[in-house]
Amino acid sequence: MRIIATKDYTDMSRKAANIIAAQIITKPECVLGLATGSSPIGTYDNLVSMYENGDLDFSGITTVNLDEYKGLTRDNDQSYYYFMHEHLFDRVNIDPERTNVPNGMEEDAEKECKRYEEFIKSLGGVDLQLLGLGHNGHIGFNEPAPAFDKETHCVDLTESTIEANKRFFASADDVPRQAYTMGIGTIMRAKKILLVVSGEDKAEIVAKAFFGDVTPDVPASILQMHPDVTIVADAAALSKIPR
Ligand code: GLP
């Protein structure tokens, strides 16, 4: 596990974008696993600037997103489909046919999760998976649980996640209660993992996840077992790690 300490959110975003850019330049037909949330927005902005400056070509890449709320339509501005189009897909020369987000409108959870998992396998796996980190240690929507969930599955969101994400909705009641997410196994099969984290409110969970025990109570802690993980974190997020 490599930890890249950055000054602040701006610095974190620039460095994370450089790592993704290096992946695209060295393998123009790579599969990128993408994430939503406020943490990667700056990273996406930097990737868009590199594209606008003529330094990055997205035409060959395929993307698979980590997760999606169950029951939100694609045109709902809180859906992760909408988020990805707003922050990245509509701003670069990516082939929309090669962008993939779980289908939150598929009612049959088993069917959708199986389809998504098999689709990722059919691509030959993910070259680089981008992740954020939830306050309770969730990655994607893999919430603390008695065991690690291996494959793409449907989750009941925890109260703390609903609470954290309600800022984007009119009220907590409007936050969907379920989501589809890649499993921990799906994430761990990515060849490389890049996690971005910033802010003092994440400092405690950063220390727990990356310097504590590996446990399904803190889903991100499993990343300690992955052979190629880079964490790009700002000073505030690293303020509670053991020295
Ligand atoms: C959501 C997403 C996660 C994300 C997390 C943290 O629940 N499903 O993929 O990493 O929130 O979000 P933020 O970066 O806004 O703190």
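No lab work stands behind these numbers, since they all come straight from the coordinates. Everything quoted here is computed from the prediction, not taken from an experiment. Neighbour counts are summed over all protein chains in view; Cβ atoms, including those assigned to glycine, are modelled from backbone coordinates with ideal geometry.
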Spelling it out for Ala179: with amide H atoms placed in the peptide plane at 1.01 Å from N, the residues 5 or more places away or on another chain with amide H under 5 Å from its amide H are Lys70, Val155, Leu157
Taking Rh as the Kirkwood radius computed over alpha-carbon pairs of the range 1-76 and applying Stokes-Einstein at 20 °C with viscosity 1.002 mPa s, one gets a diffusion coefficient in µm² s⁻¹ of 155 µm²/s
Ranked from fewest to most other Cβ atoms within 10 Å of their own Cβ, Cys113, Cys154 fall in the order Cys154, Cys113
Highest GNM mean-square fluctuation among Glu143, Glu112, Glu86, for the chain with Cα springs under 10 Å, belongs to Glu86
Cα-based Rg then Dmax for the range 144-201, in Å, read 13.8, 38
Rounded to the angstrom and largest first, Cα extents along the principal axes for the range 138-243 equal 41, 30, 23
The aspartates and glutamates whose Cα lies under 14 Å from the Cα of Lys111, excluding any fewer than 8 residues away in the same chain, are Glu151
Using the Kirkwood radius over Cα pairs of the range 97-149, the Stokes-Einstein translational diffusion coefficient at 4 °C and 1.567 mPa s, in µm²/s and rounded to a whole number, is 98 µm²/s
About its Cα centre, the range 146-191 carries a charge dipole, from +1 on Lys and Arg Cβ atoms and -1 on Asp and Glu Cβ atoms, whose size in debye to the nearest 20 is 320 debye
The long-range amide H neighbours of Thr99, using H built 1.01 Å from N in the peptide plane and a cut-off of under 5 Å, are Thr63
If every Lys and Arg gets +1 and every Asp and Glu gets -1 at its Cβ, then about the Cα centre the chain yields a dipole, in debye to the nearest 20, of 880 debye
Measuring from its Cα centre, the range 121-243 shows a charge dipole (+1 at each Lys and Arg Cβ, -1 at each Asp and Glu Cβ) which, in debye to the nearest 20, is 440 debye
What the Cα atoms of the chain span along the principal axes, largest first and in whole Å, is 44, 41, 36
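Could you sort out which of Lys7/Lys166; Lys114/Lys208; Lys121/Lys192 sit more than 23 Å apart by Cα distance in this structure?
Exceeds cut-off: Lys7/Lys166; Lys114/Lys208.
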Bounding extents of the range 28-153 in its principal axis frame from Cα atoms, largest first in Å, are 46, 32, 28
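I need Met12, Met225, Met1, Met182 ordered by Cβ neighbour count within 10 Å, fewest first.
Numbers: Met12 27, Met225 10, Met1 15, Met182 30.
In order of increasing Cβ crowding within 10 Å: Met225, Met1, Met12, Met182.
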Quick numbers on the range 96-187, Rg and Dmax over C-alpha atoms in Å, give 13.8, 40
Here the range 50-106 gives, from Cα atoms, an Rg and Dmax in Å of 12.2, 38
The answer for Gln129, listing residues at least 5 apart or on another chain whose modeled amide H is closer than 5 Å to its amide H, is Gly33, Lys192, Ile193, Leu194
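Would you mind ranking Thr63, Thr36, Thr215 by Cβ crowding within 10 Å, fewest neighbours first? All intermediate terms of the calculation are to be shown ahead of the outcome.
Working: Thr63 21, Thr36 24, Thr215 14.
Listed from fewest to most nearby Cβ atoms, that is Thr215, Thr63, Thr36.
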